[in-house]
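Trainee: I have a structure here, written as structure tokens, and I will follow up with some questions on it.
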Amino acid sequence: MKKCLVFFVAAFLWASGYAQIPMTSYVLAAIPESVKKDADVVKRYENVFFEVTDIDRAELKSHTVYTIFSDKGSHILNFRVQANKFRMLGEVDIRVYDAFGKAVQKFKRKDLLSYADGDGLIDDGKVFYMRIPVTYYPVTVEINYELRYKGTLFYPSYDILSPGVGVEMSVFTAKVPKGLDLRFKPSNVDIKPEITEEEKYKSYRWTVKNLSPVKYEEDVIGESDGYPSVVLAPNKFKMDDYEGDMSTWRNFGMWYANLKKGIDVLPENKKSFFRNLVQNAKDDREKVKLVYEYLQKNFRYVSIQLGIGGYRPLAATFTDDKKYGDCKGLSNYVQAALEAVNVKSYQALIYRDANPRLLTNDFPLNEFNHVILLVPDKKDTIWLECTSKTLDFDKLDISTENRHALVVTEEGGVLVRTPDSRPEENLFSVRTTVELQEGGEAKTSTLFTTTGYYKEEMNEVLMAKKDEQKQILVRYWQIKQPDNFELAKKEQGTALDMEIEKVPEFIAGNKMFLAPRFIKLWRSKLPAVENRKQDYFLGLTFDKRDTTIFKMPAGFTVDALPKGKELNCPYASYTTKYWFNEEEKAIYSSTQLLIKQYRVPAAAYNEVKKFFDEVLLDDAQRIVIKKS
């Protein structure tokens, strides 16, 4: 490649396999206005070549040139590649060019930093990374790297557009043996590959030019990810000695079932232990509960990424002996324990994160990073999260509910949907009594009642150090800065006792102006967006309640109470009430915020934004008391 980057010329000389491209320029003036407008970065040139040479061998070569206009596009400077025994990083060449086309910095693989991939007891992977140093914008960077695959469970995707990035020229080529072929699925884009055949190989080439950047939209749910891409997947693949077929979900499930053959059985003495454990259980559901609670009390979770791409669990006997395991190991252990007490269960592969990719029956894809357990029951299916020591029996958390899972049965894989939690299952209820003093100081007593997501969250808060707890009180719950506080688990809930130097928002003469609620139930102002393209994600369904009781100092009376409010939309409701109890000399403020559905269609976004704007306006009202 020539070093001088003065005038833009993109001549493509395609040879067999990886393309050889003589490029000579990237001046800003050469970028079409439609590509540059509203762009933080322009991808001047991209050529990705992915070649499968055998059922368990492949190579990827990536060559990309970016012009970055400002710090908003600085994420491009974070070079990061995950590698392990199945995917090895080859040569790396990174160059930074000045405005005259001179390479002012060069980096090779030896310049990269690395760390162990994961936080587990056993790791066989690394992350290679570097922050490409630049001192000015605009700047042009060129990134070349190679990956060698020793296992073909994962194919790369062609990510065409991302927020704030315009594209001048991008080419993605996949070359596979005809006997293996591949499957592909475009997402949010109408694009077809150029398909060619030569001897034993078949090639797919996608090309795009002069694309305007897409706008970034906050809180996008993964299943409605609107950024254009093409997803690739194998038909047949191999990891170590385990060959599989991904052309159907059934076949892919059979492959996973084959991985754990012979390691999902407990010895006779342990089988007898579990039979004794459940001997007084009235039905299978109670048996499952007893086994699950035994697991929670006696085992711990560790991340173990050793084995067939992190898929093959360690033997149930190993987990029993060590009293720890990862998601697949613990699920495998519970499955073996339930088998010992004649309860059938099935492992389920799932993607554990906030933004899962949408899976469909017609396009099997390895989009999983976690294992949970499903137990068929006469009344209803039981779901078990075997990695949690605190999650309630038959409950999934926000990271695994309401998404697709591949259940591994005797007949193979079956794609199912995990249940969605109802608002009342994620309850965050707060009741606070504020003993106000004449100078604005107060002692407060609060009781939290939590279920579901908020119960798990509260357990984490209780386990945190006291200075961390204080940060959560002030920054996350937005409680007044306490001088002293005590947070403790009680039989009826979690108790918080505090001393606060100044409770009023401000004091004017003989009047105190009080925020109506001890804890803010909603804090975020939704951004204004015209013609939103993607669905909006509210996080989870929940029921939040706050009752705040202000006991007034002697000699004070009510000057003004806010008007009650009632707001409704198809996705949420909000109600407030205020009243004065003459006998107690106390002001009551009662609030409820209910999120009924957490996925909001793009077309309904403005309606939901208006709803929450009104919630924030109501929260800005003040209770006013005055000294007689």
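The values are calculated or read from the model by the stated rules, or taken from the named source; none is laboratory data. As the structure is a prediction and not an experimental result, all values here were calculated from the model. Here the Cβ positions follow ideal geometry from the backbone for every residue, glycine too, while neighbour counts run over all protein chains shown. Just the protein is used for accessible areas: all its heavy atoms, side chains included, with ligands, DNA and RNA removed. Shrake-Rupley method; radii C 1.70, N 1.55, O 1.52, S 1.80 Å.
Trainee: Can you bin segment 366-441 into rounded, prolate or oblate? Criterion: square roots of the alpha carbon gyration tensor eigenvalues sorted a ≥ b ≥ c, rounded for a/c under 1.5, prolate for a/b above b/c, oblate for the rest. Please report the intermediate quantities before stating the final value.
Mentor: Values: a/c = 3.73, a/b = 3.05, b/c = 1.22.
Prolate, since a/c reaches 1.5 and a/b exceeds b/c.
Trainee: What number, in nm² with one decimal, is the all-direction average of the projected area of the convex hull of the alpha-carbon atoms of segment 327-475?
Mentor: So the Cα hull casts an average projection of 12.5 nm².
Trainee: Between Val529 and Asp420, what's the calculated FRET efficiency when r is the beta-carbon distance and R0 is 25 Å? Round to 0.05. If you can, show how the numbers build up before the last one.
Mentor: Details: r = 26 Å, r/R0 = 1.03.
Once rounded, the FRET efficiency stands at 0.45.
Trainee: Taking the Cα atoms only, what angle lies between the long axis of helix 284-298 and the longest principal axis of the chain, rounded to 10 degrees?
Mentor: It is inclined by approximately 90 degrees.
Trainee: Highest first, please rank the peptides 398-410, 577-589 by the mean number of other Cβ atoms sitting within 10 Å of their residues.
Mentor: Values: 398-410: 20.1, 577-589: 14.9.
The densest-packed peptide leads the list: 398-410, 577-589.
Trainee: Measure nothing fancy, just the Cα-based angle from helix 327-340's long axis to the longest principal axis of the chain, in degrees from 0 to 90, nearest 10.
Mentor: Long axis of 327-340 versus the principal axis of the chain: about 80 degrees.
Trainee: Mind putting a number on the dipole of the chain about its Cα centre? Charges go on the C-beta only, +1 for Lys and Arg and -1 for Asp and Glu, and I need it in Debye to the nearest 20. Could the numbers behind the result be given before it?
Mentor: Numbers: 92 positive and 90 negative charges, 154 e Å.
In total the dipole reaches around 740 debye.
Trainee: Where does each of 498-509, 416-427 land if you order them by average Cβ count within 10 Å, highest first? Before the final figure, lay out the partial values.
Mentor: Values: 498-509: 14.8, 416-427: 16.6.
My ranking of the peptides, most packed first, is 416-427, 498-509.
Trainee: Sticking with this structure for a sec: Helix 268-277: angle to the longest alpha-carbon principal axis of the chain, degrees 0 to 90, nearest 10?
Mentor: Taking Cα atoms only, the helix is inclined about 30 degrees.
Trainee: Here is a further query. Please give the calculated 222 nm ellipticity per residue for the chain, where each DSSP H segment of at least 4 residues contributes -39500 (n - 2.57) and the sum is spread over every residue; nearest 500 deg cm²/dmol?
Mentor: Details: 9 runs with 94 residues, N = 628.
Taking each H run of at least 4 residues, the total per residue is -4500 deg cm²/dmol.
Trainee: Compute log10 of I(q)/I(0) for segment 30-71 with the Debye formula, placing one identical point scatterer on every Cα and leaving out solvent, at q = 0.20 Å⁻¹, to two decimals.
Mentor: -0.68
Trainee: Which of rounded, prolate, oblate describes segment 194-302, given a ≥ b ≥ c as roots of the alpha-carbon gyration tensor eigenvalues and a/c under 1.5 marking rounded, otherwise prolate only if a/b is larger than b/c?
Mentor: Working: a/c = 4.12, a/b = 1.89, b/c = 2.19.
Oblate is the answer for segment 194-302, as a/c is 1.5 or above yet b/c matches or exceeds a/b.
Trainee: Let me ask something else. Before I look further, what does the chain give for accessible area per residue, probe 1.4 Å, in whole square angstrom?
Mentor: On the way: 29960 Å² over 628 residues.
For the chain, the per-residue accessible area is 48 Å².
Trainee: Moving on to the next point. Given a Förster distance of 35 angstrom, what is the FRET efficiency for Leu113 paired with Asn361, based on the Cβ-Cβ distance and rounded to 0.05? Please report the intermediate quantities before stating the final value.
Mentor: On the way: r = 42 Å, r/R0 = 1.21.
For Leu113 and Asn361, the calculated efficiency is 0.25.
Trainee: When you count, for each residue, the other Cβ atoms within 10 Å and take the mean per peptide, how do 325-332, 164-171 rank with the highest first?
Mentor: Working: 325-332: 27.2, 164-171: 21.9.
Those peptides, ordered most packed to least, come out 325-332, 164-171.
Trainee: Let me ask you something else. Determine the gain in length on full extension of the stretch Glu441-Asn269; use 0.36 nm per residue of separation and subtract their C-alpha separation, reporting nm with one decimal. Write down the numbers at each step before the final one.
Mentor: Details: separation 172, 0.36 × 172 = 61.92 nm, distance 6.33 nm.
Once the chain is fully extended between Glu441 and Asn269, it gains 55.6 nm.
Trainee: What nm distance separates the two modelled labels at Lys102 and Thr135, each placed 7 Å from Cα along Cα→Cβ?
Mentor: Label at Lys102, label at Thr135, 1.3 nm between them.
Trainee: In addition: Could you tell me what a quarter of the Cα convex hull surface of segment 406-493 works out to, in nm² with one decimal place? If you can, show how the numbers build up before the last one.
Mentor: Details: hull surface 35.7 nm².
Reported value for the Cα convex hull: 8.9 nm².
Trainee: A further question follows. Nearest 0.05, what FRET efficiency do Asp559 and Glu583 give at R0 = 22 Å with Cβ-Cβ as r?
Mentor: On the way: r = 20 Å, r/R0 = 0.89.
The value I calculate is 0.65.
Trainee: By what distance, in whole Å, do the Cα atoms of the chain stretch along each of the three principal axes, largest value first?
Mentor: Computed over the chain, the largest-to-smallest principal extents equal 93, 73, 43 Å.
Trainee: Here's a follow-up. For segment 100-231, just say rounded, prolate or oblate: build the C-alpha gyration tensor, square-root its eigenvalues into a ≥ b ≥ c, call rounded for a/c under 1.5, and beyond that prolate if a/b exceeds b/c, oblate if not. Show your work: numbers first, answer last.
Mentor: Numbers: a/c = 1.41, a/b = 1.17, b/c = 1.21.
In terms of gyration-tensor shape, rounded.
Trainee: At a Cα cut-off below 20 Å, give the aspartates and glutamates reachable from Lys626, other chains included and same-chain residues fewer than 8 away excluded.
Mentor: Glu435, Glu438, Glu441, Glu501, Glu505, Asp559, Glu582, Glu583, Glu584
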